[in-house]
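The values are calculated or read from the model by the stated rules, or taken from the named source; none is laboratory data. Bear in mind that the values here come from a model prediction, so they are computed numbers and not experimental data. Quick reminder, even Gly has a Cβ in these numbers, built from the backbone with ideal geometry, and neighbours come from all protein chains shown. With ligands, DNA and RNA removed, areas are computed over all heavy atoms of the protein, side chains included. Shrake-Rupley method; radii C 1.70, N 1.55, O 1.52, S 1.80 Å.
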Amino acid sequence: MRVFAPIAFATGLAAASLISLQAKAETFITIGTGGQTGVYYVVGQSICKLVNRGQADHSIKCTAPSTGGSVANINAIKEGSMDMGVAQSDWQAYAYTGAPEFESGKFEDLRAVFSVHGEPFTVVARADSGIETFDDLKGKRVNIGNPGSGQRGTMEVIMNALGWSKDDFSLASELKSAEQSAALGDNKVDAIVFTVGHPNGSIQEATTTTEAKLIPVEGAEIDGLVDANSYYAKATIPGGMYKGSDADTNTFGVKATFVSSASVDEETIYQVVKAVFDNFDRFKGLHPAFANLSEEDMIADGLTAPLHPGAERYYKERGWL
Ligand code: GLU
C-alpha cells in the first residue's frame, strides 16, 4: 500500500488558505485476482468499483489486475507487492498453517476478510476423448493449470491422494485459465481443470466451442480429502447449466475467500469491507455466481486465518459478531 500526501506548494499564501489547498492523503490499494475470464477477476473489479465510488470520503484508490490466481495472490500479499487478494479456502489454510503444500513457507500474518462464492473443482473433457470419470484422465492430455493458480495446487493435492504424478498423463500442460478453453476447443488437450464459481464464461466457452462435458470427481480418495479437511466440501454442478451436461455433476470444492495481511492498516480494510456490505445488493448483482451470497456465510465459511481487525470492526458495528 502506498500513501501519498500531496506537497503543499503554496509558499507565501496565508496559513488558512494553505490548509484548504491540501488534498487528503491518497491510499492506493491493489487486489490480486485471477485470469480475465474467471470469477476472481470480477470479484476484484467489483470490490474496486464499490471502493472507488467512495473516494471523496476515504481517498482510497483501488485497482484489481489479472494475476496467476490464489497461490500467486497469497505470495504477492506476503511479499507486500499486493494488499489484498482472492484465494481458495484450501490455500488460505495451507498458507496460514504453514502446510507443506504451500511451498513458500508459513504466512502467519495472513488475515481473512470474508469469503465469497463456492468453487467446485471442475473437470471438462472433450466428448471424443472417451473420458467419463476422473480415473480416465490417466494417459490423456490434461491441462493441469499454471503454477500459482488454485486449480493447479488442488489438482496436485488430488494427484497426491491418488498416488499419481505428471507422468501418468500423456501430456500435462500448464496453460492459464484464460487460455485453456480455446486449447480444449482446438483439440490441443483432452481435458481441462478449473476451480471456479458457476455459472462462468470460461466453462461456457469450453462447452460450446466443441462437444464437451463435465466429469464427476468422486471416490474414496476424494471422500478422504473432504472428511479430513474443513475447507473442502462435497459440491454439485447443476445439470442444464452447461451444454452437454444435462445431469448434475458430483465433485468437491472450496470457497473463494478474500484475504489480506496484518500489515495492511485497519482503516483501509474497514473501508473496503464497508464498501462491499453497505452496497451488498449491488455487489451481488455484478456476477451470476454471487447470486446466493449471504452476509452470514461470508463472515464465517472457509476462513482459517484470523479476521483482519478492520473487518472485525465493521462486522461488530453491524452486530454480526
Ligand atoms: N480458483 C482459481 C484460482 O485460485 C481462480 C478462479 C477464478 O478465476 O475465478 O486460481
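A compact table of results
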{"quantity": "Ellipsoid equivalent to the stretch 111-243 - semi-axes via the Cα gyration tensor, in Å", "calculated": "22, 18, 15"}
{"quantity": "For the chain: accessible area per residue (Å², 1.4 Å)", "calculated": "43"}
{"quantity": "Cut-off of 10 Å, at most 16 other beta carbons, DSSP loop: longest stretch of the chain lacking such trypsin sites (Lys or Arg not before Pro)", "calculated": "25-105"}
{"quantity": "Average projection area in nm² (convex hull over Cα atoms of the stretch 49-100, one quarter of hull surface)", "calculated": "4.5"}
{"quantity": "Placed amide H near Ile299: partners under 5 Å, 5+ positions off or other chain", "calculated": "Ser115"}
{"quantity": "Antiparallel DSSP beta bridges within the chain, as percent of all bridges there, nearest 5", "calculated": "70"}
{"quantity": "Kirkwood Rh, angstrom, the stretch 196-282 [1 / mean 1/r, Cα pairs]", "calculated": "16.1"}
{"quantity": "Unit charges on C-beta of K, R, D, E only; dipole of the stretch 222-303, Debye", "calculated": "340"}
{"quantity": "Net charge dipole size for the chain [Lys, Arg +1 and Asp, Glu -1 on Cβ; Debye, nearest 20]", "calculated": "1040"}
{"quantity": "Spherically averaged projected area in nm², based on the convex hull that wraps the Cα atoms of the chain", "calculated": "17.9"}
{"quantity": "Where Glu26, Glu119 fall by accessible area, highest first, once all protein chains stay in place (1.4 Å)", "calculated": "Glu26, Glu119"}
{"quantity": "GNM result for the chain, Cα springs below 10 Å: residue of Thr37, Thr122, Thr208 fluctuating most strongly", "calculated": "Thr208"}
{"quantity": "Helix-only CD estimate at 222 nm, as mean residue ellipticity for the chain, using -39500 (n - 2.57) per DSSP H run (n ≥ 4)", "calculated": "-10000 deg cm²/dmol"}
{"quantity": "Length-normalised contact order of the stretch 186-321 in % [C-alpha pairs under 8 Å, at least 6 apart]", "calculated": "23"}
{"quantity": "Whole-percent carbon and sulfur share, accessible surface of the chain, 1.4 Å", "calculated": "49"}
{"quantity": "Using alpha-carbon coordinates, inclination of helix 70-79 to the longest axis of the chain, degrees", "calculated": "30"}
{"quantity": "Whole-number percent relative contact order across the chain, with pairs defined as alpha carbons under 8 Å at least 6 apart", "calculated": "23"}
{"quantity": "Acute angle (nearest 10 degrees) that the helix 150-162 long axis makes with the longest principal axis of the chain, alpha-carbon atoms", "calculated": "40"}
{"quantity": "Lysine pairs with alpha-carbon atoms under 18 Å apart, the stretch 93-218, spacing 8 or more or separate chains", "calculated": "10"}
